[in-house]
1. Mind ranking 86-99, 432-445 by how tightly packed they are, going by the mean number of other C-beta atoms within 10 angstrom, highest first?
2. Shape call for segment 383-437 from the C-alpha gyration tensor, a ≥ b ≥ c root eigenvalues: rounded (a/c under 1.5), prolate (a/b greater than b/c) or oblate?
3. What is the set of long-range amide H partners of G32 at a cut-off below 5 Å, with H atoms built 1.01 Å from backbone N?
4. Taking neighbour Cβ counts within 10 Å as the exposure measure, how do I203, I426 sort from fewest upward?
5. Treat the count of other C-beta atoms within 10 Å as a stand-in for reagent exposure and order T72, T407, T138 from fewest to most.
6. Rg to Rh for segment 36-203: what is it, with Cα atoms only and Rh by Kirkwood?
7. Sort out for me the Cα centre separation of segment 318-371 from segment 239-301, rounded to whole Å.
8. Tell me, what ³J(HN,Hα) does each residue in segment 116-132 have, in order and in whole Hz, if you take phi through Karplus 6.51 cos²θ - 1.76 cosθ + 1.60 with θ = phi - 60° and put x for Gly and Pro?
Amino acid sequence: MKLTLKLGTWLCAVLLVAAVATARAQDNDDFGSDADDPPGRVARMNYAQGSVSFQPGGEGDWVQAGPNRPLTSGDNLWTDRDSRAELHMGSTAIRLAPETSLTFLDLEDRVAQVRLTDGSTILNVRHLDDDDLVEVDTPDIAFRILKPGEYRIDVDSDGQQTYVTAFHGRGEVSGGGSSYTIVGGQRARFSGLEQLTYDVGLIPRDDDFTNWCQDRDQRESRLDSLNYVSPEMTGYEDLDGYGRWNYVSGYGPVWYPVNVASNWAPYRFGHWVFIQPWGWTWVDDAPWGFAPFHYGRWTYLQSRWCWIPGPVVVRPVYAPALVVFVNGGWGGGPGVGWFPLGPGEVFVPGYRVSRRYAERVNVTNTVVNVTQVTNVYNVYRTRTTINQITYVNRNRPGAVTAVSQETFVNARPIARNLMRISDNDIRQARIDRRVEARPVRTSVVGPAAPARVTPPASIVNRQVVATRKPMPVGTAMRNTAPEVNVRTATPANPRPLSPPAGQAPHGTARPAWPAARAEQAPQREVPPNQSVPEHQAVRPDQPINAQRPAVPRPPDRQVSAQPYDRPDNARPDNARPDNARPDNARRENARPDNARPDNARPENARPN
C-alpha cells in the first residue's frame, strides 16, 4: 500500500513537471525573451531639400531618400551639395547640412548612436533620461550628450578635425585616452587619434544652416498636437498642417486628416517594405503619414476616418503597421489584404517578441488591459477561433484594402493596384498576424529611384571613435553583416575645457563655421503632393491653423569669451548680425505639459 502511494505521488509529480514544461513550451511558441524584442522607437526623415540619398543598413545600393520610411540601426544618409535634411526620433531633432554623411550605428529604446564622417549636423535634444545614451561618433572623437540642449558637430572634409559646439546643454568628448566636458556657450576643435588635442574658441556668427535650424525649431514650438500626444511620438510634428483635432465623447482627442481622396482609407496610399527586425512595414505617401500609421488606432466616425492617438505616455512603442492581415486567393492568385485596428483592439506582432513587449506595444497605443492582450494572443496561438474575434473595422465599407501578393512584395503603390473583393471574400478570408511571403530585393530597398549622387566610399566607411562598439546589422537579403569600423575609446575622468597653458591670445575676431560648403538660402517648404480629388484645390504648403498667433522668437545666443583663429578651409565671415542665444535658452513651448486647452474642443461629436 505504501509502495503504491509512493508510486502514485511520484507519477503525479512527473506529470505536473511535464505539464508545466508543456505549458512553458506552448507559451514560448508565442512569446520570446526580452532579447527577442525589437526597438521601441525609430527615426524618420520628415523633410528634405535638394538631393538626399539613402542606403538601407547592410545593403550596397543607394536610392533617393523618401519621407516616412522608418530609419533604424545600420541605415545611411547623404546630403549632396545645396541639400539639407531633417530627422526626428521622438522629441530629438537631427538636422543635416549639405555634403553630410550620417549613419545610425545603433538606435534602440535607450540608445541613439550615430556616425558622422563628413559635414555638419545640429542636434536638438529636448529630453534625456539618466540611462539614455545619445552619442555622435566622428573620426577623431566620441561626443556623448549628457543634458538636454542644442549641439552642433562639424567634421572637416579630410576627417582630421572635429568641431563641437554646445549652444546650451552639457556633453562629454572622449578620444586619444582623454575625456573633456563641454558646456553651453563653448566651442572646441579636436584632432588626434593617439593623443587628443584641442583648442577653445568663440561660437561663430549664425550661418544659413544654423538659422534654418532655428526656424525649424520655432515651427515645432507652435504645434498644437503636443496637447494631445507625447513629444516622444515620432512623426507628430506634421499633424497640425494637414488635419484637425476634435474631442469625441467616449474616445477623447481624435485627429481628422483633411484634403484626402474620396476613396481614402488608412493604409491604402503608400507601399510595403521589409525592414528587419520587424518585417513588413507600412510607408505612407502623405507628408503627415507617419505617426497615425505606427501609433494609436483608427475608427470611422461621422462618415470619415479619424485617428485616435491613445493614452499620452512618456514613450509610446513604435509598431511597423497596426493592421490585421487577411489572406486569400483573389484574381486567380495569392492575395494579401488588411484593415486598420480599431480602438481597444489588440495588435499581435508577426515577429517574435516577449510578453512584456506585447503588452507595451498595445497599452501605450490604445486603451486596453493586459489580460485582453494575453487572451487574444492565446486565440492566435490555438488558431481555432481567430475569425470569431470582433474587429470593428473589418466590416466597414471600404476599410479592407487588398492587392496581389506580387504587388505587396515588390513595394508597388497600393492605391494604383487595388483588387476588388466582395464582402463574402472578406468574411471567408483567413485572418492572420503576418503575411506568408518572402521578401525580395525591392522589398528591402523600396521603390525609390537610384540615387542621383552617392558619397565616396572612403567617406562613408571612415573609421570613427566610439565609446561602445555597435553590433553588425543584418538584412533579410544577407546572412552576414559587415563589421562596424569603429575605434573604441574608453572614457577617462572628464576634465573641463580650458585654453592650453602658454597659448597666445588669438585676438577678438569671431571665426566662421569650418566647412566651406556651397549652400543656397533655404527655399519655401513644399511637402510632397497629396492624393486628393481632382476638383479639390489644395495648398499643401499652407497650414490649416495658420491663424494661430505666433510664438516670440527666443533670445539671441551669447558667445564664449575665448576666440581662436579661423581654420584655413573656413568660409569668410558674413555680415549677419549676431544671433546668439544664452546658454540656458530652451526653445520649448510655454504650454503646460500635455495640457489640453479648454477651447481646443471645437466639437463634441458622439460615436456612431
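FYI, it's all coordinate maths here, none of it is from the lab. This structure is a prediction, so every number in the text was calculated from the model and none was measured. Quick reminder, even Gly has a Cβ in these numbers, built from the backbone with ideal geometry, and neighbours come from all protein chains shown.
1. 86-99, 432-445
2. The shape class here is oblate.
3. It is V353, S354, R355, by chain and number.
4. I426, I203
5. Sorted ascending by nearby Cβ count, the order is T407, T72, T138.
6. My calculation of the ratio gives 0.95.
7. First find each Cα centre; the distance between them is then 15 Å.
8. 10, 9, 6, x, 9, 9, 10, 10, 10, 9, 8, 9, 8, 7, 4, 9, 7
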